[in-house]
1. Among the residues of the stretch 82-135, write down those that are part of a helix (DSSP H, G or I), within 14 Å of residue 32 (Cβ to Cβ) and touching a residue at least 40 places away in the same chain (Cβ under 8 Å).
2. Which of the residues spanning the stretch 106-128 are within 15 Å of the chain's Cα centre (by Cα) and closer than 17 Å to residue 60 by Cβ?
3. When you look at residue 59, is it closer than 16 Å to residue 155 by Cβ and either among the aliphatic types (A, V, I, L, M) or in contact with a strand residue (DSSP E or B) (Cβ under 6 Å, 6 or more places away or on another chain) (or both), yes or no?
4. Just to be sure, is residue 60 surrounded by fewer than 16 Cβ atoms within 10 Å (Cβ to Cβ), in contact (Cβ under 8 Å) with a residue 12 or more places away in the chain and either touching a Pro at 6+ places or on another chain (Cβ under 8 Å) or under 23 Å from residue 126 (Cβ atoms) (or both)?
Amino acid sequence: MYPSHSPAGRLTALGTQLIEIHHWLREELVRLRASLDAPDGGGDGLSRELRAHCVGFCAALQRHHTGEDAGAFQVLAEQAPELRPVLAALSEDHRAVASILTRVEELVAGPAAGPAVRAELDGLAALMESHFSYEERKLVAALDALTGGTAGELLGLDVPDGDPTFEERI
């Protein structure tokens with residue numbers, strides 16, 4: 001993937017950056033779920049590394065959604081009022097995702113067993129896929145029309161450059 005931003009500002013359309021962020025989050029969730037299937041990943045307890053990856057992923061996803069609610073969604077609501085019902089539905093999804101993330105964080109903070117974490121992550125994956133697909137269908141064109149602002153400011157996360165590791169992104 002080619003870098004889509006620079007320190008000087010946004011070089012590609014914000015809608016494209018949203019898709020790139022979603023793609024990265026999807027990949028990270030796939031990696032996290034796969035690590036539960038590793039021999040030392042999902043048995044009676046979770047490894048310290050897996051717990052850290054899980055907490056980091058939850059924080060990144062929450063930061064993205066919080067950033068959208070406070071950034072891009074506010075701007076879009078002002079500039080494209082016809083999108084307000086879509087934005088409200090997406091914000092409701094954000095609250096549902098936040099509930100799942102809270103449960104995941106509680107599980108990994110305790111003596112979590114892999115199957116309980118796996119069940120939550122499987123539900124999260126289904127919700128994320130539906131949410132991301134809907135958001136991309138409904139908002140990419142409107143986001144592309146926005147000027148100013150960076151992905152970090154409007155979407156809560158910066159666009160991944162190349163193939164960063166998870167730890168480099170959080």
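1. Selection gives 101, 104, 105, 108, 114, 117, 118, 121, 122, 124, 125, 128.
2. 121, 124, 125, 127, 128
3. Spelling it out, residue 59 is indeed closer than 16 Å to residue 155 by Cβ and either among the aliphatic types (A, V, I, L, M) or in contact with a strand residue (DSSP E or B) (Cβ under 6 Å, 6 or more places away or on another chain) (or both).
4. Criteria not met by residue 60.
Coordinate-derived values only; no laboratory data. Bear in mind that the values here come from a model prediction, so they are computed numbers and not experimental data. Positions of Cβ are generated from backbone atoms using ideal geometry, with glycine treated the same way; all protein chains shown enter the neighbour counts.
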